[in-house]
Amino acid sequence: GQQKLSAGKKYDAIKLLGRAQQKLAMEESKKEWIMAAAACGVAYEGIGLLWAARSNLLMVTSLSFTEYMKQGKLPPHTLLLAQKLVWIELQLGRIPHVLAWMEFASLIASHLLLDEDRKEKYLEERRIQDGVLGILLLKADISTLKWLDFMPSVLESEDLIGSWMALLYALGYEDYLRSEKII
């Protein structure tokens, strides 16, 4: 299934990974099952089935936390899953969920004590996600924006500066951004 996914044959990958999940759904093959379910989620995303992708990734993330509760050790792939869930929620346009998963990923990153290289990769991906969230906020219509007037302080507190600037601009605070020399 993973070979099919790597070759770009996503429908074949979903079929094979789905079968693999059924056969691997036992305690002794949990790692392989998690890998198959996560890969299936990636394949679903690749064909545009974002809700199915989200469902698979949520299930796998939940299992990672089950392992944490049992053994007191958080599997490193949990951060990758959380970051992937941020991307799924961005594609779905669900801003509160994006923020929740970004905060969750931050919590995991701090818990895992990442080495410098992995930490920099995580921070770079977070910056990119911040930019995409900013674009999503800029695309919001006027009726949606009136409900987001409280949010700049939330974005600033989460250190999502790109999104913060984009939302302030969309809300009409261009003069403030210029006077503070932010833009």
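Here is how the numbers come out for the structure above:
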| quantity | calculated |
| --- | --- |
| Of residues in segment 1-51 being of a type in the set (F, W, Y) and closer than 21 Å to T78 by Cβ, the one surrounded by the most Cβ atoms within 10 Å (Cβ to Cβ) | Y44 |
| Test: residue in segment 74-87 that is farther than 30 Å from G134 by Cβ, more than 16 Å from the chain's Cα centre (by Cα) and not in a helix (DSSP H, G or I) | yes |
| Qualifying residue in segment 145-152 (condition: under 20 Å from the mean Cα position of the chain (by Cα) and exposed (fewer than 14 other Cβ atoms within 10 Å of the Cβ)) | no |
| Candidate set: segment 157-175, residues that are without any contact (Cβ under 8 Å) to a residue 24 or more places away in the chain and open to solvent by 100 Å² or more (accessible area, probe 1.4 Å); chosen: the one nearest to L138 (Cα to Cα) | Y173 |
| Index of the failed condition, T144 passing every other in (1) without any contact (Cβ under 8 Å) to a residue 24 or more places away in the chain; (2) touching a Ser or Thr at 6+ places or on another chain (Cβ under 7 Å) | (2) |
| Any helices (runs of 4 or more DSSP H) falling wholly within segment 1-71 and containing at least 2 residues that are over 17 Å from the mean Cα position of the chain (by Cα), of a type in the set (D, E, K, R) and farther than 19 Å from L92 by Cβ | 10-24, 30-46, 50-71 |
| A52, sole failed condition from (1) without any contact (Cβ under 8 Å) to a residue 40 or more places away in the chain; (2) among the small types (G, A, S); (3) under 30 Å from D149 (Cα atoms) | (3) |
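The values are calculated or read from the model by the stated rules, or taken from the named source; none is laboratory data. All of these numbers come straight from a predicted model, not from anything done at the bench. Here the Cβ is made from the backbone with ideal geometry for all residues, glycine too, and neighbour counts use every protein chain on show. Ligands, DNA and RNA are excluded from the accessible area calculation, which covers all protein heavy atoms including side chains. Shrake-Rupley method; radii C 1.70, N 1.55, O 1.52, S 1.80 Å.
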